[in-house]
Amino acid sequence: MSIRKKQSKFVQMIGDLIDYAYREGYELTFGDAYRDPRLHGHIGFKEGYGRRDSLHKERLAIDLNMFKDGRYLTSTEDHRPLGEFWEKMGGSWGGRFNDGNHYSLEHEGRR
């Protein structure tokens, strides 16, 4: 699948994840999504924060801030219900590598 098609699929999956979160009583705000290469370097280069090969640079990852009953939920365990739903859809959840609010779509072996 081309990167462009994969990016479109990712956006649609994120929409489904957001819909699921709100049905389950959560609220979300966007955290880190696209990392502009003018600030963070192109793939393979590191500027600013984050990994050199981050999927945020490929528009295939997003970090979501999650709330329930007005309380900001920060732990990986807090994100488990959404993370497991995301994995069932075919995504990679950062909770498997200690980054609970990270949701991505694997590309070239990167999660």
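Screening the stretch 80-111 for residues that are among the polar types (S, T, N, Q) and outside any strand (DSSP E or B) and picking the one that is nearest to residue 1 (Cα to Cα) gives 101. If we keep just the residues of the stretch 60-79 that are among the hydroxyl-bearing types (Ser, Thr, Tyr) and not in a strand (DSSP E or B), which is surrounded by the most Cβ atoms within 10 Å (Cβ to Cβ)? The residue in question is 76. Residues in the stretch 18-46 that are outside any helix (DSSP H, G or I) and modelled with pLDDT under 55 were compared, and the one that is surrounded by the most Cβ atoms within 10 Å (Cβ to Cβ) is 41. Take the conditions (1) farther than 17 Å from residue 9 by Cα; (2) among the hydroxyl-bearing types (Ser, Thr, Tyr); (3) in contact with a strand residue (DSSP E or B) (Cβ under 8 Å, 6 or more places away or on another chain); residue 76 misses just one of them, which is (3).
The values are calculated or read from the model by the stated rules, or taken from the named source; none is laboratory data. On a predicted model such as this, the values are computed, not experimentally measured, just so you know. Every residue, glycine among them, receives a Cβ derived from its backbone with ideal geometry; neighbour counts consider all protein chains shown.
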